[in-house]
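In what follows, a single structure is set out as structure tokens and then discussed.
The values are calculated or read from the model by the stated rules, or taken from the named source; none is laboratory data. Here the structure is a predicted model, which is why all the values come from computation and not from measurement. Note that each Cβ is placed from the backbone with ideal geometry, even for glycine, and that neighbours are counted across all protein chains shown.
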Amino acid sequence: MKAQREWCRNMNHRRSDAPVRHCPNCGETVNMNIPAKKCSDNEHAESRMNRNKYCVHCGLQLMK
Ligand SMILES: [Zn+2]
Ligand SMILES: [Zn+2]
């Protein structure tokens, strides 16, 4: 997991106040101040359609 940060170019990693808790590209926590959310399957399906690899709310892996 740690090695992924090296190549993840998602802009959320560069922000100190990222609008989401998890990076949609690598799933790493980018803003710990945002509380983790319990998502529904619907939200994950929607997130998947937005081509997110990981859920930005809970960090769950959406694509394999
Ligand atoms: Zn990332
Ligand atoms: Zn989620």
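Among the residues in the range 34-44, are any surrounded by 10 or more Cβ atoms within 10 Å (Cβ to Cβ), within 11 Å of ligand 1 (Cβ to nearest atom) and among the β-branched types (Val, Ile, Thr)?
So far as the range 34-44 goes, no, none of its residues is surrounded by 10 or more Cβ atoms within 10 Å (Cβ to Cβ), within 11 Å of ligand 1 (Cβ to nearest atom) and among the β-branched types (Val, Ile, Thr).
Just wondering, is there one or more residues in the range 36-49 that are touching a Lys or Arg at 6+ places or on another chain (Cβ under 7 Å), within 13 Å of ligand 2 (Cβ to nearest atom) and at pLDDT 95 or above?
no
Identify, by number, the condition in (1) touching a Phe, Trp or Tyr at 6+ places or on another chain (Cβ under 8 Å); (2) surrounded by fewer than 11 Cβ atoms within 10 Å (Cβ to Cβ) that Leu62 doesn't meet.
Failed condition: (2).
Give me a count of the residues in the range 14-33 that are farther than 18 Å from Gln61 by Cα and within 11 Å of ligand 1 (Cβ to nearest atom).
The total comes to 2.
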